[in-house]
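Data block below; observations after.
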Amino acid sequence: MASAGLRLRTIRATALLLTVLSLMVVLLSAYLRLDGAGLGCAEWPACYGRLLASEPGELHFGVVRLLHRAVASISLLLACALVWQCWHRPAIESAAGPATLLLLLMLALSALGIWSSDPRLTLVGFLNIMGGLGLVTFSWRVVLASSPGSMLQSPAAPTLALRLGAAALSVTVVLGALIGASYSALACASFPDCGGSWWPGADDWAALRPFSVLTATPAAGDPGGATLHLLHRYSALATLLVLGAAGVQALADEERQRAARMLLVLLAAQIALGSLTVLSGFSLWLAISHHLVAAALLATVATLLRR
């Protein structure tokens, strides 16, 4: 029994470390991508997306890029060890599932790296952004599955508001990732409207090609990019209302109070960061913070969905 308890604590400690490392990967990836795109650069907006105008050059292995590779490599080794710990007989299936998905996601992202040097491939950029957020979510799910008492308790059924809020958050994250991957920041540099527009018109919907190969940075007022911005903002508003209501509802449950408070704080922070990012002229560090809080929000929602 003591051996089983020690094994569960080891799994949880490994998963916690992987969660921290995954957040580092998200931070470093966001910095490399956004800084490379010229977000918030001194010549803004003329310098934004200049790298799209030419063939991708050789990567320069600066300190941040080397650190990113080192953290990703260590994470992959730890994920292999974590999967072995979970499946080693007797298997801890509740933790083994998300741990296996975590490892498979890491391997997929490693393979995706073959095409990641070309910023013009919107789909590759989108998958990298979503994959980084997935690393945090899956590693945190292993933490939840290996927490004390998790093997003895059956999780409570999530409320309808929480399910709808989680779906709205997922849509919001996908739309935000598409904006970043398609270099569409310039398409809507005003807030809360997009250059006087509040909803996409028929021509704007027709111009929406989220996974096209880029040849130039979408210009200010680009209809496809503006559509993504408006959809992202309305989806964020729906997430705030529905997921916020679910968080307030969860405050009445003593076991979920801590996660509910964290959810409400992160929701407020995310809305503020998103608004300030646009109003500041797309500050690099505000955009990176917006990305990190999205990862934390997904992990917090995973906590509430389980309990």
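Collect the residues in segment 63-101 that are among the aliphatic types (A, V, I, L, M) and without any contact (Cβ under 8 Å) to a residue 24 or more places away in the chain, keeping them in residue-number order. Please lay out each step first, then the result.
Going residue by residue through segment 63-101, those that are among the aliphatic types (A, V, I, L, M) are 63-64, 66-67, 70-72, 74, 76-79, 81-83, 91-92, 95-96, 99, 101.
If the condition is that a residue be among the aliphatic types (A, V, I, L, M) and without any contact (Cβ under 8 Å) to a residue 24 or more places away in the chain, then Val63, Leu66, Ala70, Leu77, Val83, Ala91, Ala96 are the ones that fit.
Can you tell me which residue within segment 235-274, out of those that are in a helix (DSSP H, G or I) and of a type in the set (D, E, K, R), is modelled with the highest pLDDT?
Arg261
Which one is farthest from the chain's Cα centre (by Cα) among residues in segment 165-217 that are surrounded by fewer than 17 Cβ atoms within 10 Å (Cβ to Cβ) and hydroxyl-bearing (Ser, Thr, Tyr)?
Step by step, filter segment 165-217, then rank; the result is Thr215.
If you go through segment 188-211 one residue at a time, how many are of a type outside the set (Gly, Ala, Ser), free of Cβ contacts under 8 Å to residues at least 24 places away in the same chain and in a loop (DSSP other than H, G, I, E, B)?
Qualifying residue count for the region: 3.
Which numbered condition trips up Thr217, out of (1) touching a Gly at 6+ places or on another chain (Cβ under 6 Å); (2) modelled with pLDDT under 90; (3) within 20 Å of Met130 (Cβ to Cβ)?
Here Thr217 meets the rest and fails (3).
Looking at (1) of a type in the set (Val, Ile, Thr); (2) closer than 30 Å to Ala157 by Cβ; (3) surrounded by 15 or more Cβ atoms within 10 Å (Cβ to Cβ), which one does Val248 not meet, given that it meets all the others?
Checking Val248 against (1) of a type in the set (Val, Ile, Thr); (2) closer than 30 Å to Ala157 by Cβ; (3) surrounded by 15 or more Cβ atoms within 10 Å (Cβ to Cβ), the one that fails is (3).
In the set Leu178, Leu164, which member is touching a residue at least 60 places away in the same chain (Cβ under 8 Å), among the hydrophobic types (A, V, I, L, M, F, W, C) and part of a helix (DSSP H, G or I)?
On the way: Leu178 fails: touching a residue at least 60 places away in the same chain (Cβ under 8 Å).
Going through Leu178, Leu164 in turn, just one is touching a residue at least 60 places away in the same chain (Cβ under 8 Å), among the hydrophobic types (A, V, I, L, M, F, W, C) and part of a helix (DSSP H, G or I): Leu164.
How many residues are surrounded by fewer than 20 Cβ atoms within 10 Å (Cβ to Cβ) and under 17 Å from the mean Cα position of the chain (by Cα) if we restrict to segment 274-288?
Within segment 274-288, residues that are surrounded by fewer than 20 Cβ atoms within 10 Å (Cβ to Cβ) and under 17 Å from the mean Cα position of the chain (by Cα) number 2.
For segment 145-168, which residues satisfy the criterion of being at pLDDT below 70 and touching a helix residue (DSSP H, G or I) at 6+ places or on another chain (Cβ under 9 Å)?
Going residue by residue through segment 145-168, those that are at pLDDT below 70 are 149-156.
Result: Ser150, Met151, Pro155, Ala156.
Inside segment 275-297, can you point out the residues that are touching a Phe, Trp or Tyr at 6+ places or on another chain (Cβ under 7 Å) and in a helix (DSSP H, G or I)?
Ser275, Val278, Leu279, Ile288 - these are the residues of segment 275-297 that are touching a Phe, Trp or Tyr at 6+ places or on another chain (Cβ under 7 Å) and in a helix (DSSP H, G or I).
Taking the condition surrounded by 15 or more Cβ atoms within 10 Å (Cβ to Cβ) and modelled with pLDDT of 90 or more, does Thr14 pass?
yes
Scan segment 72-108 for residues that are among the aliphatic types (A, V, I, L, M) and over 17 Å from Ala13 (Cα atoms) and jot them down. Working first, answer last.
Our first condition is that a residue be among the aliphatic types (A, V, I, L, M); within segment 72-108, this holds for 72, 74, 76-79, 81-83, 91-92, 95-96, 99, 101-108.
Those that are among the aliphatic types (A, V, I, L, M) and over 17 Å from Ala13 (Cα atoms): Ala72, Ala91, Leu101, Leu104, Leu105, Met106, Leu107, Ala108.
The values are calculated or read from the model by the stated rules, or taken from the named source; none is laboratory data. All values derive from a computational prediction rather than experimental measurement. Here the Cβ is made from the backbone with ideal geometry for all residues, glycine too, and neighbour counts use every protein chain on show.
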